[in-house]
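*Asks:* Below you will find the structure I want to go over with you.
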Amino acid sequence: WFFEYENEFYPDVDDTVMILMALRKAMRFRDGEERIDRAIERGVKWTQAMQCRNGGWGAFDKDNTRMVLQYVPYADHNAMLDPPTADITARTIEAFSLLGLPMQDPSMRRAVDFIWSLQEQDGSWFGRWGANYLYGTWQCIQGLCTAGVPKNDPRISRAVSWLVSV
């Protein structure tokens, strides 16, 4: 799925996983509807195919991390780059968890490792697509805990402490 109204040729991971979560909720009322099941299956496969080499997900592109692109005068906040980010990866983890992908799934394991690798010393995570660190930290806590990381994991506790402090 894609962002906005006239963007159907450039789907993105962030909106796709939000739709997947919405479809999962809709299934409570229309369980077994083949059309929904097929849409979820296609969305999950597409999203898995968009996973970057380092285990994370970018919003629109796969492995779009060539720094030279940030010097092309195109748009705001280095928009030519679409590196994998903690916030998009955490939201994908959340969606996949809600859809029943176990933490042992290779794409999930790589994604969780990617999230942990980006945690700041103070416990926070940067979120590119929201309100920076508040958004990134909230989304990482949500995604990791939905996937089954215990709420008393010291890394989660450090993140929660950071949120409370700010």
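*Asks:* Residues of the stretch 24-47 being open to solvent by less than 50 Å² (accessible area, probe 1.4 Å) and more than 15 Å from residue 91 (Cβ to Cβ), which ones?
*Replies:* Filtering the stretch 24-47 for residues open to solvent by less than 50 Å² (accessible area, probe 1.4 Å) gives 26-27, 33, 36, 39-40, 43-44, 47.
Matches in the stretch 24-47: 26, 27, 33, 36, 39, 40.
*Asks:* Considering the stretch 48-59 alone, what residues qualify as being surrounded by fewer than 19 Cβ atoms within 10 Å (Cβ to Cβ) and assigned to a loop (DSSP other than H, G, I, E, B)?
*Replies:* If we filter the stretch 48-59 for residues that are surrounded by fewer than 19 Cβ atoms within 10 Å (Cβ to Cβ), which is where we start, we get 48-49, 53-54.
Result: 53, 54.
*Asks:* Could I ask something else about it? Where in the stretch 69-166 are there helices (runs of 4 or more DSSP H), lying wholly inside it, with at least 1 residues that are open to solvent by 70 Å² or more (accessible area, probe 1.4 Å)?
*Replies:* 106-118, 132-147, 154-165
*Asks:* Here's something else I'd like to know. Please list, ordered by first then second residue, the pairs with beta carbon atoms under 6 Å, 6 or more apart or interchain, first in the stretch 131-146 and farther than 15 Å from residue 161 by Cα, second of a type in the set (Val, Ile, Thr) and open to solvent by less than 50 Å² (accessible area, probe 1.4 Å).
*Replies:* Every condition considered, the pairs that remain are 143/93.
*Asks:* Can I ask one more? In the stretch 79-112, which residues are of a type in the set (A, V, I, L, M, F, W, C), more than 15 Å from residue 58 (Cβ to Cβ) and within 12 Å of the chain's Cα centre (by Cα)?
*Replies:* 95, 96, 108, 112, listed by residue number.
*Asks:* Of everything in the stretch 4-46 that's in a loop (DSSP other than H, G, I, E, B) and touching a helix residue (DSSP H, G or I) at 6+ places or on another chain (Cβ under 8 Å), which residue is nearest to residue 84 (Cα to Cα)?
*Replies:* 11
The values are calculated or read from the model by the stated rules, or taken from the named source; none is laboratory data. Just so it is clear, the structure is predicted and the values come from calculations on it, not from any experiment. All Cβ positions, glycine included, derive from the backbone under ideal geometry; neighbour counts span all protein chains shown. Surface areas here come from the heavy atoms of the whole protein model, side chains and all, with no ligands, DNA or RNA. Shrake-Rupley method; radii C 1.70, N 1.55, O 1.52, S 1.80 Å.
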